[in-house]
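The values are calculated or read from the model by the stated rules, or taken from the named source; none is laboratory data. All of these numbers come straight from a predicted model, not from anything done at the bench. Neighbour counts are summed over all protein chains in view; Cβ atoms, including those assigned to glycine, are modelled from backbone coordinates with ideal geometry.
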């Protein structure tokens, strides 16, 4: 018996993914592990995709409705999308093929807050769930399982689904055992407080209890997560990070933060990496993170003794950082907790710990409304993810963004956001390479001034003209609806949001 | 000594409001009691307004920055606005004069979630607060105070302000004593769970502790709250209520609700009144309300034994209901709790108790984004109030609205909401007199079909045409930016959102 599968009953259910695919039927609701390219099942998606292709070649319908934690990898969303095997998908997707299907109306996507989905599934918003597929590191003798590099919605899916398929992935480090904190959500109308008062509080168990009688198949795999190499932050990212750190310093100076109580939430990417590099050389100490994803920069902060605790639901480490984590797992286990996403992203705990949220965006308007999901109003990119969970409940919510994209053809700050995922009531501070705009306590007309000040200089005159038109139209919020989307329509018509005459003046 | 002012020290500080106005200076941040026209100070606003007028007549600047719980009355916001005495105001205002000043840019307004403001004030987002003015029912011998018909942000303002002025209003029933549950919010970085697990849990004291050394004046008043008479629901409201109750019944049928666990949150107005009248004759029992405001219909439900507990931060009763409440105060005290708005609207508790939120709106778009605040994008009406606190954290969030306003010239369902306060990620169910649209788990193109089905028949073709253009443009969300605001621009140009040819076809 494998040293990863210690339960005799479940060892008796080992089979190939192809055999296990017999348990998946056309139209099934399938819930899987996986969050931000970590911890998703590697074998079953390929087997389901193959089954779909065979069915389609026979002229038969075959699609599933796929529920995950968040994004997966090419070998999950990717292969399923290529096989046209996904009818419906939620929440969060970063796979390009599948995204194109959403935008073409060939697959359906419902963009749900990460903290909400588990509850909604269990409450039956989507009907029954036929199968849960979970990647695990290990099956214990008593039939409990050790999740892999993400926890996601594993608890809810295993509880709610009729059948469970386990993928035991020996590529995943056995050293992950002990990092998880599996807390089972209580019944909706019988809930008590979630007893986390400090980021590092453990409130559950290091393993997941499952109803082993529901397990119909166990698959053995040895395949890597979708880890991507670490990229050195570019100059713009460094400048944004510098402005973000200045904002933190100014909060300390104003008495609204101190050097030893910064609770971080951070999106993933170049700017957050640059922020974390900056924090290494800052006066901040005892930093904690109550966030979704553990990224490279957090390991650096932990190594340097700057960060004492990081709570998340998933890893998104470069291969080098993953190796480092495994080598020093004993050490990191004292500083890292992986929780179910219902807990890592829970409004109750987010509000309680007083965190400073920091997320990216597609565009924001001059009044501080944020588009995180739909390019030019309609083309979905990835989804809202956890940005709403954190932004809505943070002590201070911030957004970080380069002022322009596509070589200057797209301004991140627009007159009117073409889709709105975070409203003016929630977004407080915006940071670009030109500074930060603190919108707290301001009326919309005041907000516009501050937002324009951090826009790219090439776009400031155009934005000012828009606000002038809005002011002339009258109203608390100086919008001018007939030209609200002129940046977007110009982009569609000319390939740039920049007015031709402005470009000429520049030249 | 008055039987309402039992503390000798504070009795020594009794003075006229005119005298007390000396403690208010130009540019002060002033925090007052008051929520939904209840419990606001009645004397000081007039005195401050008079002081401002004198100053202005001398050519001197005199304005204050006014922080409340929510809306007040003509004798507070109204008189101050008329005297041009308000520079900045937050959160929520329903006074017409002041609203006009916001829209003209003569006064500044920041539209903040009701659950957030207290924390933001205490954390210093607005700088120091010079004065807190609280209406109370009574000052106890030990210097503690009994709040009046609203709690609002009284705790935070009294804690944070340099000076406190108390208005002891003998118009307010002494029987209010015992209904309050005053829980002091903990320091931001030292918080423990809020120990409410059931709507009726009391976690604080029936009185408010204040630092009596900060009290600079005590004013005696005898003036009524802005109570408005109860209006019988009209036919459209009754039909909307019927559809809302059908939605509840369908949730029970689907196993997502049972007849004895409906936790209600409800906005104020005609439709909620009609819903509560309908609940009187429904199968629902043991209804509880975790909401902002106690309204007439809730007393009826309590009287009928249908509602066991109502938790709120304020009363909005008709004069008749208020009289009934006072007559049977002993009885109602067992079924009603008034909490600070930081607790009545707290995401933590809202999420925990699994409530069904139901709020009004200005307009919603076919994708389920909601405008609650700005007419035609820019003209602010009242503000977001607590609708975001509840919508974002409800078990199920719903919005109720007549399909049209202004005799059909305005459709409540539009192609693209001209301002967005609640996003597609939060809004789940919409109810009009034509039925309900359940958007849960749907992709935007599916949502549009359901929303159009509950729009007014005169507008359905126009809305369908818009979505067709969006689908032709391609994209996950079928928007068509060049015509996204055509309903609003047509309204501005012709006085109606309805296309002329549609109107002609009708005739």
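Can you confirm whether residue B:127 is modelled with pLDDT of 95 or more and surrounded by fewer than 24 Cβ atoms within 10 Å (Cβ to Cβ)? So residue B:127 fits the description; yes. Residue A:486 - would you say it is crowded, with 16+ Cβ neighbours inside 10 Å and within 30 Å of the chain's Cα centre (by Cα)? So residue A:486 does not fit the description; no. Looking at the structure I just gave you, is residue B:408 modelled with pLDDT of 95 or more and touching a helix residue (DSSP H, G or I) at 6+ places or on another chain (Cβ under 8 Å)? So residue B:408 passes the test. Among residues of region B:118-138 that are under 14 Å from residue B:33 (Cβ atoms) and within 14 Å of chain A (Cβ to nearest Cβ), those with a Cβ under 9 angstrom from a residue that is modelled with pLDDT under 95 and assigned to a loop (DSSP other than H, G, I, E, B), sequence gap 6+ or separate chain, pair up as B:118/B:185.
Given the structure, is residue A:1 at pLDDT below 95 and in contact with a helix residue (DSSP H, G or I) (Cβ under 7 Å, 6 or more places away or on another chain)? Spelling it out, residue A:1 is indeed at pLDDT below 95 and in contact with a helix residue (DSSP H, G or I) (Cβ under 7 Å, 6 or more places away or on another chain). Name every residue in region B:331-343 that is without any contact (Cβ under 8 Å) to a residue 60 or more places away in the chain and part of a helix (DSSP H, G or I), in order of residue number. If the condition is that a residue be without any contact (Cβ under 8 Å) to a residue 60 or more places away in the chain and part of a helix (DSSP H, G or I), then B:331 is the only one that fits.
Of the helices (runs of 4 or more DSSP H) entirely within region B:7-58, those holding at least 2 residues that are surrounded by 21 or more Cβ atoms within 10 Å (Cβ to Cβ) occupy B:17-20, B:44-57. Restricting B:118, B:143, B:152 to residues that are in the same structural domain as residue B:37 (by TED's automatic domain parsing), modelled with pLDDT of 95 or more, surrounded by 17 or more Cβ atoms within 10 Å (Cβ to Cβ) and not in a loop (DSSP other than H, G, I, E, B) narrows the list to B:118.
Scanning region B:249-276 for residues that are out of contact with any helix residue (DSSP H, G or I) (no Cβ under 6 Å at 6 or more places or on another chain), surrounded by fewer than 24 Cβ atoms within 10 Å (Cβ to Cβ) and more than 14 Å from chain A (Cβ to nearest Cβ) yields B:249, B:267, B:268, B:269. Of the residues A:374, A:345, A:382, A:393, the single one that is at pLDDT 95 or above and closer than 21 Å to residue A:415 by Cα is A:374. Of B:360, B:305, B:368, all but one fail to be within 14 Å of another protein chain (Cβ to nearest Cβ) and at pLDDT 95 or above; the exception is B:368. Among the criteria (1) facing chain B (nearest Cβ under 10 Å); (2) under 22 Å from residue A:467 (Cα atoms), the one residue A:388 does not fulfil is (2).
Of all the criteria given as (1) at the interface with chain B (Cβ under 10 Å from one of its Cβ atoms); (2) in contact (Cβ under 8 Å) with a residue 12 or more places away in the chain; (3) assigned to a loop (DSSP other than H, G, I, E, B), the one not satisfied by residue A:105 is (2). Against the test of being out of contact with any strand residue (DSSP E or B) (no Cβ under 6 Å at 6 or more places or on another chain), surrounded by fewer than 24 Cβ atoms within 10 Å (Cβ to Cβ), farther than 17 Å from residue B:43 by Cα and at pLDDT 95 or above, the options B:111, B:61 yield a single qualifying residue, B:61. Step by step: first the residues of region B:70-102, then only those that are touching a strand residue (DSSP E or B) at 6+ places or on another chain (Cβ under 6 Å) and part of a helix (DSSP H, G or I), then the one that is nearest to residue A:474 (Cα to Cα). Which residue is that? For region B:70-102, the residue satisfying everything is B:102.
Test each condition in (1) within 16 Å of residue A:179 (Cβ to Cβ); (2) in the same structural domain as residue A:32 (by TED's automatic domain parsing); (3) buried (at least 21 other Cβ atoms within 10 Å of the Cβ) for residue A:200 and report the one that comes out false. The failed condition is (3). Every test in (1) touching a strand residue (DSSP E or B) at 6+ places or on another chain (Cβ under 7 Å); (2) within 11 Å of chain A (Cβ to nearest Cβ); (3) on the phi < 0 side of the Ramachandran plot is passed by residue B:425 save one, and that test is (1).
The set of residues from region A:82-124 being closer than 30 Å to residue A:209 by Cβ and over 22 Å from the mean Cα position of the chain (by Cα) comprises A:123, A:124. Taking (1) over 30 Å from residue B:117 (Cα atoms); (2) touching a strand residue (DSSP E or B) at 6+ places or on another chain (Cβ under 7 Å); (3) within 11 Å of chain B (Cβ to nearest Cβ) in turn, residue A:459 satisfies each apart from (3). Only one of the listed residues (B:419, B:480) is buried (at least 23 other Cβ atoms within 10 Å of the Cβ), at pLDDT 95 or above, closer than 26 Å to residue A:383 by Cβ and within 11 Å of chain A (Cβ to nearest Cβ). That residue is B:419.
If I ask for residues that are touching a helix residue (DSSP H, G or I) at 6+ places or on another chain (Cβ under 9 Å), within 14 Å of another protein chain (Cβ to nearest Cβ) and surrounded by fewer than 23 Cβ atoms within 10 Å (Cβ to Cβ), which ones from region B:444-456 would you list? Passing the criteria: B:445, B:449. When residue A:206 is tested against (1) closer than 24 Å to residue A:196 by Cβ; (2) crowded, with 20+ Cβ neighbours inside 10 Å; (3) at pLDDT 95 or above; (4) touching a strand residue (DSSP E or B) at 6+ places or on another chain (Cβ under 7 Å), only condition (2) is not met. In the condition set (1) within 14 Å of another protein chain (Cβ to nearest Cβ); (2) touching a helix residue (DSSP H, G or I) at 6+ places or on another chain (Cβ under 8 Å); (3) crowded, with 24+ Cβ neighbours inside 10 Å, residue B:396 is compliant with all but (3). So for region B:312-330 (the condition being over 17 Å from the mean Cα position of the chain (by Cα), surrounded by 16 or more Cβ atoms within 10 Å (Cβ to Cβ) and at pLDDT 95 or above), does at least one residue qualify? Scanning region B:312-330, I find no residue that is over 17 Å from the mean Cα position of the chain (by Cα), surrounded by 16 or more Cβ atoms within 10 Å (Cβ to Cβ) and at pLDDT 95 or above, so the answer is no.
Residue check: is residue B:352 within 30 Å of residue B:156 (Cβ to Cβ), out of contact with any helix residue (DSSP H, G or I) (no Cβ under 6 Å at 6 or more places or on another chain) and crowded, with 24+ Cβ neighbours inside 10 Å? Answer is yes for this residue. Of all the residues in region B:190-249, those that are over 20 Å from residue B:336 (Cα atoms) and not in a loop (DSSP other than H, G, I, E, B) number 26.
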